[in-house]
1. Restrict the search to the range 211-258; then list the trypsin sites (Lys or Arg not before Pro) that DSSP places in a loop and that have at most 15 other Cβ atoms within 10 Å of their Cβ.
2. Given charges of +1 on the Cβ of Lys and Arg and -1 on the Cβ of Asp and Glu, with all other atoms neutral, how large is the dipole of the chain about its Cα centre, in debye to the nearest 20?
3. For the range 408-466, what % of the accessible area comes from carbon and sulfur atoms, probe 1.4 Å?
4. Can you give me the accessible area per residue for the chain, using a 1.4 Å probe, in Å²?
5. Rounded, prolate or oblate: which one fits the range 373-421, using the alpha carbon gyration tensor with axes a ≥ b ≥ c (rounded when a/c is under 1.5, else prolate when a/b beats b/c, else oblate)?
6. Amide H neighbours of residue 31 under 5 Å, at least 5 residues apart or on other chains, H built in the peptide plane: list them.
7. Quick check for you: which residues of the range 72-106 have the amide N under 18 Å from the point 7 Å beyond the Cα of residue 149 toward its beta carbon?
8. Could you run the Karplus curve 6.51 cos²θ - 1.76 cosθ + 1.60 with θ = phi - 60° over the range 151-163 and give me ³J(HN,Hα) per residue in whole Hz, x for Gly and Pro?
Amino acid sequence: MASPPAALLLPGLAALLAASAARDPPGSIAVVGAGLGGSAVAYFLQQHFGPQVQLDVFEPAAVGGRLGTVTVNKQQYESRAASIHALSLHMQDFVKTLGLKHRREVAGKSAIFSGEHFVLEETDWYLLNLFRLWWHYGISFLRLQMWVEEVMEKFMRIYKYQAHGYAFSTLEEMLRSLGGDAFVNMTQRSVAESLLEVGVTQRFVDDVIAAVLRSSYGQSVLVPAFAGAMSLAGAQGSTWAVEGGNKLVCSGLLKLTKANIIPARVTGVSLHSSEGRALYQVHYEDSEGQGSAFYDMVVVTTPLHPSRSNFTFENFEPPITDFPGAFQPYVTSVVHGYLNSSYFGFPDPKLFPFSSILTTDTPDLFFNAMDNVCPVNISAAFRRKQPQEAAVWRVLSHQPLDKQQLKTLFRSYYSVQVTEWPAYPRYDATKSLPPIVLHENLFYLSGVEWVASSMEMIAVAAKNVALLAYNRWHQDLEKIDQKDLMHKVKTEL
C-alpha cells in the first residue's frame, strides 16, 4: 500500500498536536483568598486538572476568612458562620474527606422577642409547638414549609448537574437550569412578597420571617426571595457544625491540595499574552513590599465590591468595570457573663428556658439575635450552663454594643470580644447579579453571595467555577450552559 503524501499528513498531525496541547493542564493557577471559597475552589481545581498544577493561594490574614473563632476561658467558640444545613452535600463531603467530625448537638429552645414580650416560644413538646404555631398563625407555617421545600427540591438538582460535569457561565444560567425563570425572578422580588402570594399571613411574616432574616442576614423581609428561602431552610431543617470549628474545613482542604499559601494581599490583575493565550500578572503586597507573578488562570474569591477591596484590573479590553452594591456590616459580641433575664420578663433567672433569642423588626431593639453558645470542642460530659450561671453568649447587632446596652442584656459580665465584619451583601443595594467569567481564564466566585449567602452556596459556586474553568480550558462547550439539563442527566444515568 502506498504511503499518503506528507502534505496530507501534516495538517492532520498539526490538528492532533493542537488537540494534545489543548488538553495540557494549566501550569499555574492563582486563587485570591483562603476562606471557604478559596480553599474549596483550590480543592476542586486540583480534582479536575490533576495534582501537577501549581496552586498559589493568596491570603493576607488567617486561613478561613469569615469562618473564625474566639477564645473564652481557654475554650474556642464560633464567632461568625456557625451552622450548616443538613442538606449541604459539599460540606458533608468535605468533612468526610478530611476525616473531621460533626459536633455533638446540645439541645436548647428558641423564642422570638418583640422588645416587650415573647411573641413565640418553643417548648420541649413538638406537637405543642405545632399547636402554638397554628393557634397564632393558622396554616401559614405549613404554607411556608411547602414553599421552602419546593425551592430546595429544585436547588438540589445542582448536585446531579455537577456530578455529570456540567457548569454555568453566569449565575442567571445556573438559576434558570434549576428552577426556570421563576428562580431568576426570585433574585428580583422580596421574600415577603413571595410568601404573601402563597398565602402566608402578614403577621407571620412580621413575627417569624423577620426574626429569622434578622438573625441570619441582619436584614429585613425585603431581602430577595431566593436568599430568603435558603435562610429559612436553615431555620427549619436540622443543622450541624464541625467539631473543632468550621474553619478546619478551609485549612484541611488547602493542606490536602498541598496548595502554596502566600501571605500577601492581592492588589490587582493585569492581562498579558503568551503564544496566543492569555497570561495574567497578579500584583500583591506582602511584608517585604510589592511583588507580582504570572499565571495561566486566576480565580478571585474575595468580594470585588468597592466597600470591600481596592482591586484593579489593567490591560483588559473591554475594561472590567466596578461591581455595584455594598455589604451589610455586622457585629458579633461574644460575652461571658450573667444574663439579665428580667429584661425578657423572667425576674427569676432559674426559670429562663431559652438558649436562643431572635427578635422582630422593632425600631427600639438594638440587637438582632443572641444565643447561648457551646464551645467548638464538646466533651461527652459537657452540659449547657443553667440560666442563673455565667455563660458565653453570642450577640448579633448592627453596631457595637455600648455599656448601657450590655448592662440591659447582662447583670454582669467578665469579658466582651467584638468582631466587626461586612458579613453579607446588602440585598436592597442592587438588583443585578455579578458575572462569573471576567475574562478568558479569569473567574469571580464571590458573586454567588448576591443570590444567597451560606457556606454551602459558596461550596456550590466553587465547584461550578472549577468545572467551568476545566470545560473552557478544554473547549468542552457541551458541558457549559446546556438547556434541559434534567433530561440530559436522566439519559446519562
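1. Numbers: sites: 214, 247, 255, 258; in loops: 247, 258.
In loop regions of the range 211-258 (DSSP not H, G, I, E or B), the sparsely surrounded trypsin sites (Lys or Arg not before Pro) are 258.
2. Result for the chain is approximately 1260 debye, rounded to the nearest 20.
3. Answer for the range 408-466: carbon and sulfur cover 49 percent of the accessible area.
4. On the way: 22710 Å² over 493 residues.
Roughly 46 Å² per residue, with all protein chains present.
5. Cα axes put the range 373-421 in the oblate bin.
6. Long-range HN contacts for residue 31: 56, 57, 58, 299.
7. The answer is 86-88, whose backbone nitrogens lie closer than 18 Å to the label point.
8. 5, 5, 4, 6, 4, 4, 4, 4, 5, 5, 4, 5, 5
The values are calculated or read from the model by the stated rules, or taken from the named source; none is laboratory data. This one's a predicted model, so the numbers in the text were calculated from it and none came from an experiment. Quick reminder, even Gly has a Cβ in these numbers, built from the backbone with ideal geometry, and neighbours come from all protein chains shown. Surface areas here come from the heavy atoms of the whole protein model, side chains and all, with no ligands, DNA or RNA. Shrake-Rupley method; radii C 1.70, N 1.55, O 1.52, S 1.80 Å.
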